[in-house]
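*Asks:* Pasting in a structure now, in structure tokens, and then I'll have a few things to ask.
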């Protein structure tokens with residue numbers, strides 16, 4: 001009799017333990033002691049299998065490879081930061097940046113600027129022409145820091161084909177030298193030579209559209225360069241063009257074409273010319 005009671009108690013305990021560790025299914029959440037400790041839900045390097053644990057249904061199972069790929073923003077998302085600032089007038093840009101960075105009041109909350117800005121042109125020849133006609137000015141001022149970053153990015157992403165000087169003679173299009181064991185570049189024809197007159201008179205939109213979608217055998221770089229980085233590369237290309245014509249393209253002067261970029265010194269002068277709202281007539285009454 002005692003053994004029977006013991007067996008019954010053991011069976012009850014075993015049933016309780018098994019039911020407490022039941023898996024999740026459907027509307028039942030299941031029971032598992034500290035599941036995250038045993039089944040990590042974090043992304044893992046080179047792990048492409050599905051999330052088969054800690055899921056309630058098949059709709060919650062994702063492939064880690066798909067989750068690791070670049071994704072578009074959620075539909076209807078409005079990016080904060082760049083859109084409202086760098087498409088504004090040059091004279092208003094400093095004030096808007098100050099507001100976004102929390103400089104307009106003691107209780108202001110700074111809004112971090114992101115690298116995403118919507119692009120309203122499609123990857124077609126007609127849209128490329130439209131972008132070339134409509135996108136004219138560079139939304140960022142010419143600064144020495146920006147030119148330095150543009151040079152670094154250009155040499156990494158562009159110079160290997162277009163050449164460090166922008167003349168289309170990059171490493172991948174070098175001539176073959178059989179005596180030295182050099183088979184030559186990968187491409188038989190040189191890419192675009194930015195120093196030619198056709199590119200010297202091209203608008204900034206022609207360059208920006210090519211960076212976004214690519215052109216001919218060149219792929220797009222919109223997933224490799226942020227909004228600001230694209231414009232910094234374009235600034236540096238303009239500096240290379242100016243250098244080839246023995247002109248200056250710096251944070252103080254733009255002798256190449258005023259439409260291509262506004263030097264920081266000139267933008268600072270424009271900002272100083274904007275009257276302070278606190279000193280405007282009637283400001284004291286409005287504060288009261």
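*Asks:* Could you say whether any residue in region 241-256 is buried (at least 20 other Cβ atoms within 10 Å of the Cβ) and part of a helix (DSSP H, G or I)?
*Replies:* yes
*Asks:* Conditions first: (1) within 25 Å of the chain's Cα centre (by Cα); (2) at pLDDT 95 or above. Residue 195 passes all but one, so which condition is the exception?
*Replies:* Only one criterion is unmet by residue 195, namely (1).
*Asks:* Hey, another quick one. Among the candidates 228, 232, single out the residue that is at pLDDT below 90, within 26 Å of residue 253 (Cβ to Cβ) and touching a helix residue (DSSP H, G or I) at 6+ places or on another chain (Cβ under 8 Å). Working first, answer last.
*Replies:* Numbers: 232 fails: at pLDDT below 90.
Going through 228, 232 in turn, the sole match is 228.
*Asks:* Within the bounds of region 159-170, is there any residue that is modelled with pLDDT under 95, in contact with a helix residue (DSSP H, G or I) (Cβ under 9 Å, 6 or more places away or on another chain), loosely packed, with under 13 Cβ neighbours inside 10 Å and assigned by TED's automatic domain parsing to the domain that holds residue 199?
*Replies:* No, every residue in region 159-170 fails to be modelled with pLDDT under 95, in contact with a helix residue (DSSP H, G or I) (Cβ under 9 Å, 6 or more places away or on another chain), loosely packed, with under 13 Cβ neighbours inside 10 Å and assigned by TED's automatic domain parsing to the domain that holds residue 199.
*Asks:* Then there is this: Being touching a helix residue (DSSP H, G or I) at 6+ places or on another chain (Cβ under 8 Å), in contact (Cβ under 8 Å) with a residue 40 or more places away in the chain, more than 23 Å from residue 201 (Cβ to Cβ) and loosely packed, with under 15 Cβ neighbours inside 10 Å, is that true of even one residue in region 261-270?
*Replies:* no
*Asks:* Looking at region 198-218 only, could you name the residues that are in a helix (DSSP H, G or I) and closer than 12 Å to residue 128 by Cα?
*Replies:* If the condition is that a residue be in a helix (DSSP H, G or I) and closer than 12 Å to residue 128 by Cα, then 204, 205, 206, 207, 208, 209, 210, 211, 212, 213 are the ones that fit.
*Asks:* When you look at residue 220, is it crowded, with 20+ Cβ neighbours inside 10 Å and over 19 Å from residue 152 (Cβ atoms), yes or no?
*Replies:* Working: crowded, with 20+ Cβ neighbours inside 10 Å: no; over 19 Å from residue 152 (Cβ atoms): yes.
It is false that residue 220 is crowded, with 20+ Cβ neighbours inside 10 Å and over 19 Å from residue 152 (Cβ atoms).
The values are calculated or read from the model by the stated rules, or taken from the named source; none is laboratory data. All figures in this text were calculated on a predicted structure; none of them were measured in a lab. Don't worry about glycine lacking a Cβ; one is built from the backbone with ideal geometry, like all the others, and counts go over all protein chains shown.
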